[in-house]
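Single-structure report; data block below.
The values are calculated or read from the model by the stated rules, or taken from the named source; none is laboratory data. Here the structure is a predicted model, which is why all the values come from computation and not from measurement. Neighbour counts run over all protein chains shown; Cβ positions are idealised from the backbone, glycine included.
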Amino acid sequence: MAVIRTAIPNKGRLADDAADLLRAIGLRVPSANDRKLLVDSGKGRYQILFASPWDIPRYVETGAADVGITGLDILEEMGDRVKRLLPLNFGFCRLSLAAPEASPARSGADVPAGAAIATQFPNLVRRYFRQRGKEVEIVEVRGAAEVTPNIGAADFLADLVETGSTLRMNHLKILDVIVESQAVLVACPESLASKAAEIREFVSAVESVVEAETRRYLMANVPVAKLVEIRSFLPGISGPTVMSLAGREDMVAMHVVVKEDELNGVIALLKDAGATGILVVPIERMVV
Ligand code: AMP
(Lines give C-alpha, C1' and ligand atoms only; values in the text may rest on other atoms or scores of the structure.)
Protein backbone atom coordinates (compact mmCIF):
# COMPACT_ATOMS: atom_id res chain seq x y z
CA MET A 1 0.00 0.00 0.00
CA ALA A 2 1.42 3.37 -1.02
CA VAL A 3 1.60 6.16 1.56
CA ILE A 4 -0.78 9.07 0.95
CA ARG A 5 0.63 12.44 1.92
CA THR A 6 -2.05 15.03 2.66
CA ALA A 7 -1.19 18.72 2.86
CA ILE A 8 -3.39 20.79 5.17
CA PRO A 9 -3.16 24.43 6.31
CA ASN A 10 -0.84 24.86 9.30
CA LYS A 11 -2.66 27.98 10.49
CA GLY A 12 -5.39 30.39 9.52
CA ARG A 13 -9.11 29.92 9.07
CA LEU A 14 -8.98 26.54 7.38
CA ALA A 15 -6.53 24.84 9.73
CA ASP A 16 -8.85 23.59 12.48
CA ASP A 17 -11.65 22.39 10.21
CA ALA A 18 -9.20 20.60 7.91
CA ALA A 19 -7.58 18.83 10.87
CA ASP A 20 -11.02 17.90 12.27
CA LEU A 21 -12.07 16.46 8.91
CA LEU A 22 -9.02 14.18 8.80
CA ARG A 23 -9.63 13.15 12.40
CA ALA A 24 -13.20 12.27 11.45
CA ILE A 25 -11.92 9.77 8.86
CA GLY A 26 -9.76 8.19 11.53
CA LEU A 27 -6.36 9.82 11.03
CA ARG A 28 -4.25 10.85 13.97
CA VAL A 29 -3.72 14.59 13.55
CA PRO A 30 -1.58 16.37 16.13
CA SER A 31 -2.36 19.96 16.89
CA ALA A 32 -0.60 22.22 14.39
CA ASN A 33 1.15 23.99 17.27
CA ASP A 34 3.21 20.87 17.84
CA ARG A 35 5.45 22.46 15.22
CA LYS A 36 6.30 19.18 13.59
CA LEU A 37 5.41 19.84 9.97
CA LEU A 38 5.45 16.35 8.52
CA VAL A 39 3.87 13.69 10.67
CA ASP A 40 2.97 10.07 10.34
CA SER A 41 -0.72 9.86 10.84
CA GLY A 42 -1.74 6.28 11.13
CA LYS A 43 -0.67 2.75 10.34
CA GLY A 44 2.17 3.96 8.13
CA ARG A 45 -0.40 4.65 5.41
CA TYR A 46 -0.92 8.38 5.83
CA GLN A 47 1.34 11.35 6.32
CA ILE A 48 0.20 14.86 7.05
CA LEU A 49 2.12 17.85 5.82
CA PHE A 50 1.26 21.12 7.58
CA ALA A 51 1.80 23.95 5.12
CA SER A 52 0.69 27.46 4.28
CA PRO A 53 -2.61 27.27 2.35
CA TRP A 54 -0.86 29.35 -0.33
CA ASP A 55 1.83 26.71 -0.84
CA ILE A 56 -0.53 23.75 -0.95
CA PRO A 57 -1.49 24.08 -4.67
CA ARG A 58 2.20 23.92 -5.63
CA TYR A 59 2.95 21.00 -3.33
CA VAL A 60 0.00 19.05 -4.70
CA GLU A 61 0.73 20.03 -8.29
CA THR A 62 4.31 18.74 -8.08
CA GLY A 63 3.48 15.58 -6.15
CA ALA A 64 5.24 16.78 -2.97
CA ALA A 65 1.82 15.98 -1.51
CA ASP A 66 -0.68 13.56 -3.08
CA VAL A 67 -3.77 15.36 -1.86
CA GLY A 68 -4.40 18.66 -0.12
CA ILE A 69 -6.95 20.98 1.38
CA THR A 70 -6.95 24.68 0.60
CA GLY A 71 -9.30 27.51 -0.35
CA LEU A 72 -10.88 27.77 -3.79
CA ASP A 73 -9.85 31.45 -3.79
CA ILE A 74 -6.20 30.41 -3.53
CA LEU A 75 -6.57 27.73 -6.22
CA GLU A 76 -8.14 30.23 -8.61
CA GLU A 77 -5.45 32.81 -7.88
CA MET A 78 -2.51 30.46 -8.25
CA GLY A 79 -3.60 29.08 -11.64
CA ASP A 80 -4.02 25.54 -10.50
CA ARG A 81 -2.86 22.47 -12.27
CA VAL A 82 -4.26 20.26 -9.54
CA LYS A 83 -7.37 18.14 -9.80
CA ARG A 84 -10.26 19.53 -7.77
CA LEU A 85 -12.05 16.59 -6.18
CA LEU A 86 -14.58 17.82 -3.67
CA PRO A 87 -15.94 20.97 -2.04
CA LEU A 88 -15.66 20.46 1.71
CA ASN A 89 -18.48 22.60 3.07
CA PHE A 90 -16.36 24.80 5.33
CA GLY A 91 -14.19 27.90 4.93
CA PHE A 92 -16.97 29.79 3.19
CA CYS A 93 -15.98 33.32 2.20
CA ARG A 94 -16.23 35.70 -0.74
CA LEU A 95 -13.46 37.61 -2.47
CA SER A 96 -15.25 40.93 -2.52
CA LEU A 97 -14.53 44.21 -4.24
CA ALA A 98 -15.07 47.04 -1.79
CA ALA A 99 -14.97 50.83 -1.68
CA PRO A 100 -15.03 53.44 1.09
CA GLU A 101 -18.60 54.10 2.24
CA ALA A 102 -18.30 57.68 1.00
CA SER A 103 -17.32 56.62 -2.53
CA PRO A 104 -19.92 57.37 -5.24
CA ALA A 105 -19.18 53.91 -6.75
CA ARG A 106 -22.10 51.47 -6.35
CA SER A 107 -20.88 48.46 -8.34
CA GLY A 108 -17.79 47.10 -10.08
CA ALA A 109 -18.81 48.97 -13.21
CA ASP A 110 -18.28 52.29 -11.40
CA VAL A 111 -14.59 51.58 -10.69
CA PRO A 112 -12.66 53.74 -13.17
CA ALA A 113 -9.84 52.39 -15.35
CA GLY A 114 -6.49 53.01 -13.70
CA ALA A 115 -7.94 52.88 -10.15
CA ALA A 116 -5.55 51.56 -7.49
CA ILE A 117 -6.90 48.35 -5.96
CA ALA A 118 -5.27 46.75 -2.93
CA THR A 119 -5.45 42.96 -2.80
CA GLN A 120 -3.77 39.70 -2.01
CA PHE A 121 -5.29 38.29 -5.21
CA PRO A 122 -3.69 40.25 -8.09
CA ASN A 123 -4.51 37.69 -10.80
CA LEU A 124 -8.17 37.37 -9.89
CA VAL A 125 -8.67 41.12 -9.61
CA ARG A 126 -6.88 41.81 -12.90
CA ARG A 127 -8.94 39.11 -14.61
CA TYR A 128 -12.19 40.50 -13.17
CA PHE A 129 -11.50 43.97 -14.61
CA ARG A 130 -10.10 42.70 -17.93
CA GLN A 131 -13.31 40.77 -18.45
CA ARG A 132 -15.00 44.16 -18.12
CA GLY A 133 -12.59 45.84 -20.52
CA LYS A 134 -10.61 47.75 -17.89
CA GLU A 135 -7.01 47.84 -16.73
CA VAL A 136 -6.49 48.71 -13.07
CA GLU A 137 -3.45 49.31 -10.93
CA ILE A 138 -2.89 46.48 -8.45
CA VAL A 139 -1.49 47.36 -5.02
CA GLU A 140 -0.37 43.96 -3.77
CA VAL A 141 -0.69 43.46 -0.01
CA ARG A 142 -0.28 40.38 2.17
CA GLY A 143 -3.55 40.85 4.05
CA ALA A 144 -5.54 43.49 5.94
CA ALA A 145 -6.33 45.27 2.67
CA GLU A 146 -9.27 46.92 4.45
CA VAL A 147 -7.07 49.68 5.81
CA THR A 148 -5.61 50.78 2.46
CA PRO A 149 -8.27 53.31 1.28
CA ASN A 150 -8.26 55.01 4.70
CA ILE A 151 -4.51 55.58 4.60
CA GLY A 152 -4.44 56.63 0.95
CA ALA A 153 -2.59 53.50 -0.20
CA ALA A 154 -5.35 52.48 -2.64
CA ASP A 155 -8.74 53.66 -3.97
CA PHE A 156 -10.52 50.31 -3.67
CA LEU A 157 -9.74 46.85 -2.33
CA ALA A 158 -10.56 43.21 -2.94
CA ASP A 159 -10.39 41.01 0.14
CA LEU A 160 -12.00 37.95 1.65
CA VAL A 161 -15.25 38.60 3.45
CA GLU A 162 -17.17 36.20 5.62
CA THR A 163 -19.66 38.22 7.65
CA GLY A 164 -18.83 41.73 6.44
CA SER A 165 -18.12 43.03 9.95
CA THR A 166 -14.47 43.92 9.22
CA LEU A 167 -15.63 45.93 6.20
CA ARG A 168 -18.25 47.76 8.24
CA MET A 169 -15.76 48.50 11.01
CA ASN A 170 -13.48 50.10 8.44
CA HIS A 171 -16.35 52.08 6.80
CA LEU A 172 -16.27 50.14 3.56
CA LYS A 173 -19.05 48.82 1.33
CA ILE A 174 -19.13 45.86 -1.05
CA LEU A 175 -19.37 46.66 -4.77
CA ASP A 176 -19.26 43.11 -6.13
CA VAL A 177 -18.25 39.51 -5.40
CA ILE A 178 -15.30 38.31 -7.48
CA VAL A 179 -15.13 34.68 -6.26
CA GLU A 180 -17.30 32.59 -3.92
CA SER A 181 -14.92 30.37 -2.00
CA GLN A 182 -14.87 27.39 0.31
CA ALA A 183 -12.34 24.74 1.24
CA VAL A 184 -11.67 22.18 -1.49
CA LEU A 185 -10.00 18.77 -1.57
CA VAL A 186 -7.47 18.59 -4.40
CA ALA A 187 -5.20 15.87 -5.75
CA CYS A 188 -2.02 15.57 -7.73
CA PRO A 189 -2.89 14.27 -11.23
CA GLU A 190 0.09 11.87 -11.23
CA SER A 191 -0.79 10.51 -7.80
CA LEU A 192 -4.36 9.97 -8.98
CA ALA A 193 -2.94 7.64 -11.61
CA SER A 194 -0.18 5.96 -9.60
CA LYS A 195 -2.02 5.61 -6.27
CA ALA A 196 -5.54 5.34 -7.65
CA ALA A 197 -6.94 2.81 -5.17
CA GLU A 198 -5.49 4.49 -2.08
CA ILE A 199 -6.68 7.95 -3.11
CA ARG A 200 -10.13 6.61 -3.99
CA GLU A 201 -10.39 5.10 -0.51
CA PHE A 202 -9.27 8.37 1.10
CA VAL A 203 -11.62 10.53 -0.98
CA SER A 204 -14.56 8.26 -0.38
CA ALA A 205 -13.97 8.46 3.39
CA VAL A 206 -13.77 12.26 3.23
CA GLU A 207 -16.90 12.39 1.08
CA SER A 208 -18.83 10.25 3.54
CA VAL A 209 -17.93 12.57 6.42
CA VAL A 210 -18.79 15.73 4.46
CA GLU A 211 -22.13 14.19 3.40
CA ALA A 212 -22.89 13.12 6.97
CA GLU A 213 -22.16 16.55 8.43
CA THR A 214 -25.05 18.09 6.55
CA ARG A 215 -27.54 15.47 7.72
CA ARG A 216 -29.07 14.17 10.93
CA TYR A 217 -30.62 10.86 11.88
CA LEU A 218 -34.13 11.38 13.13
CA MET A 219 -36.19 8.88 15.12
CA ALA A 220 -39.79 9.30 16.14
CA ASN A 221 -42.85 7.35 17.13
CA VAL A 222 -45.65 8.17 14.73
CA PRO A 223 -49.32 7.22 14.46
CA VAL A 224 -49.91 4.44 11.92
CA ALA A 225 -52.90 6.37 10.62
CA LYS A 226 -50.62 9.28 9.68
CA LEU A 227 -47.86 7.25 7.98
CA VAL A 228 -48.85 8.07 4.41
CA GLU A 229 -49.11 11.77 5.19
CA ILE A 230 -45.76 11.74 7.01
CA ARG A 231 -43.97 9.92 4.19
CA SER A 232 -45.10 12.60 1.76
CA PHE A 233 -43.02 15.29 3.50
CA LEU A 234 -40.06 13.15 4.51
CA PRO A 235 -37.14 13.18 2.11
CA GLY A 236 -35.02 10.28 3.46
CA ILE A 237 -32.32 8.68 1.35
CA SER A 238 -34.59 5.83 0.40
CA GLY A 239 -37.69 6.68 2.38
CA PRO A 240 -38.07 6.19 6.13
CA THR A 241 -37.48 2.89 7.91
CA VAL A 242 -40.63 1.90 9.75
CA MET A 243 -40.58 -0.58 12.64
CA SER A 244 -43.27 -1.91 14.90
CA LEU A 245 -43.41 -0.76 18.52
CA ALA A 246 -43.79 -3.51 21.10
CA GLY A 247 -47.29 -3.52 22.53
CA ARG A 248 -48.61 -0.76 20.26
CA GLU A 249 -50.98 -1.26 17.38
CA ASP A 250 -51.58 2.44 16.74
CA MET A 251 -47.98 3.70 16.65
CA VAL A 252 -44.80 2.72 14.79
CA ALA A 253 -41.16 3.77 15.17
CA MET A 254 -39.74 5.61 12.24
CA HIS A 255 -36.09 6.35 11.41
CA VAL A 256 -35.05 8.72 8.66
CA VAL A 257 -32.07 10.76 7.47
CA VAL A 258 -32.92 14.45 7.19
CA LYS A 259 -30.91 17.36 5.79
CA GLU A 260 -29.85 19.66 8.60
CA ASP A 261 -31.47 22.71 7.05
CA GLU A 262 -34.80 20.88 6.71
CA LEU A 263 -34.75 19.51 10.24
CA ASN A 264 -36.79 22.18 12.03
CA GLY A 265 -39.51 22.07 9.38
CA VAL A 266 -39.70 18.28 9.49
CA ILE A 267 -39.93 18.24 13.31
CA ALA A 268 -42.78 20.78 13.23
CA LEU A 269 -44.69 18.71 10.67
CA LEU A 270 -44.08 15.50 12.64
CA LYS A 271 -45.43 17.08 15.82
CA ASP A 272 -48.51 18.29 13.96
CA ALA A 273 -49.01 14.72 12.76
CA GLY A 274 -48.95 13.45 16.36
CA ALA A 275 -45.38 12.15 16.53
CA THR A 276 -43.86 11.57 19.96
CA GLY A 277 -40.40 10.75 21.31
CA ILE A 278 -38.60 12.62 18.56
CA LEU A 279 -34.82 12.08 18.75
CA VAL A 280 -32.19 13.62 16.51
CA VAL A 281 -28.62 12.29 16.48
CA PRO A 282 -25.53 13.15 14.42
CA ILE A 283 -24.29 10.80 11.70
CA GLU A 284 -20.58 9.99 11.61
CA ARG A 285 -20.36 8.86 8.03
CA MET A 286 -22.76 8.45 5.18
CA VAL A 287 -22.08 6.50 2.02
CA VAL A 288 -24.83 6.94 -0.55
P1 AMP B 1 -6.01 32.76 6.33
O2 AMP B 1 -6.88 32.63 7.52
O3 AMP B 1 -5.72 34.19 5.96
O4 AMP B 1 -4.80 31.87 6.35
O5 AMP B 1 -6.92 32.25 5.14
C6 AMP B 1 -6.76 31.05 4.49
C7 AMP B 1 -7.99 30.76 3.69
O8 AMP B 1 -9.09 30.63 4.56
C9 AMP B 1 -8.43 31.81 2.72
O10 AMP B 1 -7.70 31.85 1.54
C11 AMP B 1 -9.87 31.38 2.48
O12 AMP B 1 -9.92 30.31 1.57
C13 AMP B 1 -10.28 30.86 3.84
N14 AMP B 1 -11.20 31.74 4.59
C15 AMP B 1 -12.39 31.34 5.05
N16 AMP B 1 -13.03 32.32 5.68
C17 AMP B 1 -12.27 33.39 5.63
C18 AMP B 1 -12.39 34.72 6.11
N19 AMP B 1 -13.46 35.16 6.74
N20 AMP B 1 -11.38 35.56 5.92
C21 AMP B 1 -10.29 35.11 5.31
N22 AMP B 1 -10.13 33.88 4.82
C23 AMP B 1 -11.10 33.00 4.97
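Take the conditions (1) within 18 Å of E101 (Cα to Cα); (2) surrounded by fewer than 15 Cβ atoms within 10 Å (Cβ to Cβ); (3) away from the ligand (no atom under 13 Å from the Cβ); (4) free of Cβ contacts under 8 Å to residues at least 40 places away in the same chain; G164 misses just one of them, which is (3). The set of residues in segment 217-264 being aliphatic (A, V, I, L, M) and closer than 30 Å to N89 by Cβ consists of L218, M219, A220, I230, L234, I237, M254, V256, V257, V258, L263. The numbered conditions (1) assigned to a helix (DSSP H, G or I); (2) small (G, A, S); (3) more than 22 Å from A24 (Cβ to Cβ) are all true for A212 except (3).
Select, from G114, G68, the only residue that is outside any helix (DSSP H, G or I) and touching an Asp or Glu at 6+ places or on another chain (Cβ under 8 Å). Walk me through it before giving the result.
Values: G68 fails: touching an Asp or Glu at 6+ places or on another chain (Cβ under 8 Å).
Selected residue: G114, the only one of G114, G68 that is outside any helix (DSSP H, G or I) and touching an Asp or Glu at 6+ places or on another chain (Cβ under 8 Å).
Output the residue which, of all residues in segment 1-15 that are within 16 Å of the ligand (Cβ to nearest atom) and of a type in the set (K, R), is surrounded by the most Cβ atoms within 10 Å (Cβ to Cβ). Show your work before the answer.
Of all residues in segment 1-15, those within 16 Å of the ligand (Cβ to nearest atom) come to 7-15.
With the extra rule that they be of a type in the set (K, R), the set shrinks to 11, 13.
On the way: K11: 12, R13: 17.
The selected residue is R13.
Screening A109 on (1) over 21 Å from the mean Cα position of the chain (by Cα); (2) in contact (Cβ under 8 Å) with a residue 24 or more places away in the chain; (3) on the phi < 0 side of the Ramachandran plot shows it passes everything except condition (2). Of everything listed in (1) within 14 Å of the ligand (Cβ to nearest atom); (2) surrounded by fewer than 15 Cβ atoms within 10 Å (Cβ to Cβ); (3) β-branched (V, I, T), the single unmet condition for T62 is (1).
Tell me whether segment 97-112 contains one or more residues that are in contact with a Leu (Cβ under 9 Å, 6 or more places away or on another chain), within 16 Å of the ligand (Cβ to nearest atom) and under 22 Å from R130 (Cα atoms). Looking through segment 97-112, at least one residue is in contact with a Leu (Cβ under 9 Å, 6 or more places away or on another chain), within 16 Å of the ligand (Cβ to nearest atom) and under 22 Å from R130 (Cα atoms).
Selection over segment 54-97 of residues that are closer than 11 Å to Q182 by Cβ and of a type in the set (G, A, S) gives a count of 2. Being of a type outside the set (K, R) and over 24 Å from I56 (Cβ atoms), is that true of even one residue in segment 138-146? Checked against the condition, which is being of a type outside the set (K, R) and over 24 Å from I56 (Cβ atoms), segment 138-146 yields at least one hit. Within segment 136-148, is there a residue that is among the acidic types (D, E), exposed (fewer than 13 other Cβ atoms within 10 Å of the Cβ) and within 30 Å of R23 (Cα to Cα)? Looking for residues that are among the acidic types (D, E), exposed (fewer than 13 other Cβ atoms within 10 Å of the Cβ) and within 30 Å of R23 (Cα to Cα), one finds none in segment 136-148, hence no. State whether the residues of segment 245-258 include one that is under 30 Å from I4 (Cα atoms), surrounded by fewer than 18 Cβ atoms within 10 Å (Cβ to Cβ) and of a type in the set (A, V, I, L, M, F, W, C). Checking segment 245-258: not a single residue is under 30 Å from I4 (Cα atoms), surrounded by fewer than 18 Cβ atoms within 10 Å (Cβ to Cβ) and of a type in the set (A, V, I, L, M, F, W, C). Scanning segment 71-91 for residues that are out of contact with any strand residue (DSSP E or B) (no Cβ under 7 Å at 6 or more places or on another chain) and of a type outside the set (D, E, K, R), we see that the one that is nearest to the ligand (Cβ to nearest atom) is I74. Looking at segment 16-42, which of the residues that are within 16 Å of the ligand (Cβ to nearest atom) and free of Cβ contacts under 8 Å to residues at least 24 places away in the same chain is surrounded by the most Cβ atoms within 10 Å (Cβ to Cβ)? Top of the filtered list is A19. Inspection of segment 141-151 finds no residue satisfying the criterion of being at pLDDT below 95, within 30 Å of R28 (Cα to Cα) and away from the ligand (no atom under 16 Å from the Cβ).
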